[in-house]
1. Cβ-Cβ distance below 7 Å, separation of 6 or more or different chains: which pairs start in the stretch 86-108 with a residue that is in contact (Cβ under 8 Å) with a residue 12 or more places away in the chain and end on one that is of a type in the set (D, E, K, R) and open to solvent by 20 Å² or more (accessible area, probe 1.4 Å)?
2. Can you tell me which residue is nearest to Gln66 (Cα to Cα) among those in the stretch 110-140 that are crowded, with 18+ Cβ neighbours inside 10 Å and not small (Gly, Ala, Ser)?
3. Between residues in the stretch 61-75 that are closer than 16 Å to Arg107 by Cα and residues that are open to solvent by 60 Å² or more (accessible area, probe 1.4 Å) and not in a strand (DSSP E or B), which pairs lie under 8 Å by C-beta distance while being six or more apart or on different chains?
4. Looking for something open to solvent by 70 Å² or more (accessible area, probe 1.4 Å) and assigned to a helix (DSSP H, G or I) - is there at least one such residue anywhere in the stretch 156-164?
5. Return the total of residues in the stretch 115-151 being of a type outside the set (Phe, Trp, Tyr) and assigned to a helix (DSSP H, G or I).
6. Inside the stretch 82-106, can you point out the residues that are more than 23 Å from His117 (Cβ to Cβ) and in contact with a helix residue (DSSP H, G or I) (Cβ under 9 Å, 6 or more places away or on another chain)?
Amino acid sequence: MLSKLLPVILLIVGTAGGIGAGIVMAPAPEEHVEEGGGDPAEKGDDHHEEIAEDENKIEYHYIKIQNQFVVPVVEREELASLVVVSLSLETLPDMEAKVHAYEPKLRDEFLQVLFDHANMGGFRGAFTRSDMLEPLRTALRETAQKHLGQNIHDVLILEISRQDV
């Protein structure tokens with residue numbers, strides 16, 4: 001009889017303990033100041049913070065990498081398909097000249113990343129799922145940042161398609 005009641009008792013005690021911990025650990029409610037009331041100086045500080053946040057927003061520029069990347073997908077020592085990828089870089093405004101100057105090196109490094117992704121099976125099956133593309137995006141971003149610095153915010157995949165042969 002006790003063996004049947006013990007799980008029910010433990011369930012009730014655990015639930016009560018969880019609710020009690022939630023009540024004790026809950027953050028204090030925030031005070032809301034009426035529009036007409038409160039200290040006007042405090043309102044001015046909030047306004048300054050909003051302006052400062054707007055000034056800190058970074059406007060990125062997008063630089064398209066010329067020409068598409070063509071990646072062969074080899075299975076059992078035979079060409080199974082071709083993947084075509086178009087990329088663009090999300091950069092700070094003053095990076096366009098540097099990106100174009102380094103573009104041959106970037107293309108070479110990006111191709112190596114794409115080949116590695118293909119050799120690991122990244123372009124098989126449902127290759128456009130976000131969980132399949134995320135490692136590719138990360139590797140491309142890290143490669144771009146390695147060569148051009150942290151001024152590269154992201155590498156965008158503009159187009160991707162696979163043609164089975």
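1. Correct list of pairs: Ser86/Glu159; Ser88/Lys64; Glu90/Asp154; Pro93/Glu59.
2. Filtering the stretch 110-140 down to residues crowded, with 18+ Cβ neighbours inside 10 Å leaves 110, 113-114, 117-118, 122-123, 127, 136, 139-140.
Still in the running and not small (Gly, Ala, Ser): 110, 113-114, 117, 123, 127, 136, 140.
Working: Phe110: 12, Val113: 17, Leu114: 16, His117: 21, Phe123: 22, Phe127: 23, Leu136: 19, Leu140: 16 Å.
Checked the stretch 110-140; the qualifying residue nearest to Gln66 (Cα to Cα) is Phe110.
3. Filtered contacts from the stretch 61-75: Ile63/Glu96; Ile63/His100; Val71/Phe115.
4. Residues of the stretch 156-164 that are open to solvent by 70 Å² or more (accessible area, probe 1.4 Å), as a first pass: 158-159, 162-164.
From what is left, the residues that are assigned to a helix (DSSP H, G or I) are none.
No, every residue in the stretch 156-164 fails to be open to solvent by 70 Å² or more (accessible area, probe 1.4 Å) and assigned to a helix (DSSP H, G or I).
5. Start the filter on the stretch 115-151 by keeping residues that are of a type outside the set (Phe, Trp, Tyr), which leaves 116-122, 124-126, 128-151.
Subsequent filtering for residues that are assigned to a helix (DSSP H, G or I) retains 116-119, 130-148.
Residues that pass the stated criteria total 23.
6. Met95, Lys98
The values are calculated or read from the model by the stated rules, or taken from the named source; none is laboratory data. The structure presented is a predicted model; accordingly, all values stated were derived computationally and were not measured. We place every Cβ from the backbone using ideal geometry, glycine too, and count neighbours over all the protein chains shown. Areas reflect the complete protein model, heavy atoms only, side chains present, ligands, DNA and RNA absent. Shrake-Rupley method; radii C 1.70, N 1.55, O 1.52, S 1.80 Å.
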